[in-house]
Each structure stands twice: as C-alpha cells, then as structure tokens.
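Taken together, the values in this text are just the output of simple stated rules run on the coordinates, not laboratory data. Note that the structure is a prediction, hence the values are computed from the model and not measured. Every residue, glycine as well, gets a Cβ built from its backbone with ideal geometry; the counts of neighbours run over all protein chains shown.
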Amino acid sequence: MTTPLLLLPGLLCDDQLWAAQTAALAGDCDVVVADMTQDDSIAAMASRAISQMPESFAVCGLSMGGYTAMEVMRQAGDRVTHLGLFDTSPYADTPERIEIRRNLIERVKGGAFENVIEEHFQSFVHPSRLSDTELMGKIRTSALNVGPEAYIREQTAIIGRVDSTDSLSKVTCPTLVLCGAEDALTPPSLHDEMAELVQGATLVKVPGSGHLPTLEKPDEITAAMREWLELG
C-alpha cells in the first residue's frame, strides 16, 4: 500500500524542488506537490493543499512550505501521519524581515523581478554551488515559472505567518527536522530549536548544502525521507 505524501515548495519554487524525491519515492508514495502560487496567506495555502489529500497523509515542506506544513498541522493535524520540516523556521517574521520583504515586493511591482530573484539565489544554495550552471538553471527556471504576481502573493503570505512554537510542541507524529548544514537563510540553530519542541523528532543536517538540499543533495534527502516514512 502506498503512502499519500504532500510536498510543499518554498518561495519561488515549483514542483522541480521535489523532482528527485518524487521520482525516487514513486513506487512507495502517492505524491502530491502543492501549488503554492495561488494564495496570499499561509492559511489559504494550507487549506488548498489539504483539500487535495485523502483522509490520512504525510506532509513535508521546505522554507515557506515548512511554514505551511505547520499550518497544515493546525488545520488537520489529526489526519497527518508524518511531518517533515525542511530549512524553515517556527517563528513569525521580525519587523526587520517584514521591512525587507515589503521593499522586495515594491521593487517587483516596479518591474525588477528578474533582478530580485537573482539576489535571492545568492543565499539559496551553498556558495560552492553558485557556479553550478545545471543547478542554478533549475532554480532560475522554477522562479520564472512562479513569476512576479505569485512572488508578491508568496511574500505577503510569509509576512503574515504566525508563530508556530506552541503548536509544534503538541505534535506527536513521526517528525523529521532537516536542513542544509550551511543554510544561511534558516540556519541549523533554528532546526535544533524545532527538534527540541517536537517530542521524539529526528534531526538531520546535510553537509555541503545550503537552503535547498532537495536540489543540492537529492540522494541524501531521499534516503532521510525513506527512513522517516518507514519505507525501508
């Protein structure tokens, strides 16, 4: 029997973020990659994603997808069999981060989308991978697929997210907290804190990876997910 698995992409990411895992797990999981581009709140993103899933399912999110996975737990936690939180944060945005995001939104409204996404890419991956044309090409293509209007919706959703520390402390299902060991955007220390909040959580830090380990170190991530989902 296959496991229903909901995968939630991050800011400027589409289903290519999870392409390697989707392919590798296809024989064991019924994978749904959520479309995160339609809504301007984390709650709406979560609700839309949940509506695609059967009565019970596993959920895994990266970055913005992680914020959404935590919201899925608030909306439908009794239906979730396994929770994965990758390169994300349990906290609401700080006033400083909100100001930065609002400035980015205004620049994109002014026509600077391609400049803005190139700036994002500098902190998306391990510095050693910035010259990897194949990897960066995948990331760039996904960002262009998302486009400026959806980018604004996504940043608006991220600005409005709530603190999830209290709800995480109530999670009881098998939980994988994973990050790139060199993630500059949501550093490993945040993942230490999340793993402490969730009783029995498994913590994995992936060497040589930044904020997008599913693309940077796909085989290592797939192996960690197989263990988390108890697929053998």
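Condition test on V116, is it buried (at least 17 other Cβ atoms within 10 Å of the Cβ), assigned to a helix (DSSP H, G or I) and touching a Pro at 6+ places or on another chain (Cβ under 7 Å)?
No; evaluated as a whole, the condition is false for this residue.
Would you confirm whether or not the stretch 39-48 contains a residue that is of a type in the set (S, T, Y), assigned to a loop (DSSP other than H, G, I, E, B), touching a helix residue (DSSP H, G or I) at 6+ places or on another chain (Cβ under 8 Å) and surrounded by 15 or more Cβ atoms within 10 Å (Cβ to Cβ)?
yes
Pick from the stretch 191-206 the residues that are touching a helix residue (DSSP H, G or I) at 6+ places or on another chain (Cβ under 8 Å) and hydrophobic (A, V, I, L, M, F, W, C): which of them is surrounded by the most Cβ atoms within 10 Å (Cβ to Cβ)?
M194
Can you tell me how many residues in the stretch 6-38 are in a strand (DSSP E or B) and among the β-branched types (V, I, T)?
So the count comes out to 3.
Could you give me the residue pairs with C-beta distances under 6 Å whose first residue belongs to the stretch 24-45 and is closer than 30 Å to G160 by Cα and free of Cβ contacts under 8 Å to residues at least 12 places away in the same chain, whose second residue is in a loop (DSSP other than H, G, I, E, B) and not acidic (D, E) wherever it lies, and which are 6+ apart or on separate chains?
Between residues of the stretch 24-45 that are closer than 30 Å to G160 by Cα and free of Cβ contacts under 8 Å to residues at least 12 places away in the same chain and residues that are in a loop (DSSP other than H, G, I, E, B) and not acidic (D, E), there is no close pair.
Filter the stretch 123-176 for residues that are farther than 22 Å from T68 by Cβ and of a type in the set (K, R) and give the result.
R129, R140 - these are the residues of the stretch 123-176 that are farther than 22 Å from T68 by Cβ and of a type in the set (K, R).
Select from the stretch 195-226 the residues that are outside any loop (DSSP other than H, G, I, E, B), touching a residue at least 12 places away in the same chain (Cβ under 8 Å) and more than 30 Å from T141 (Cβ to Cβ) and list them in ascending order.
Within the stretch 195-226, A195, L197, T202, L203 meet the criteria.
Filter the stretch 55-108 down to residues that are more than 12 Å from the chain's Cα centre (by Cα) and of a type in the set (S, T, Y) and give me whichever is surrounded by the fewest Cβ atoms within 10 Å (Cβ to Cβ).
T94
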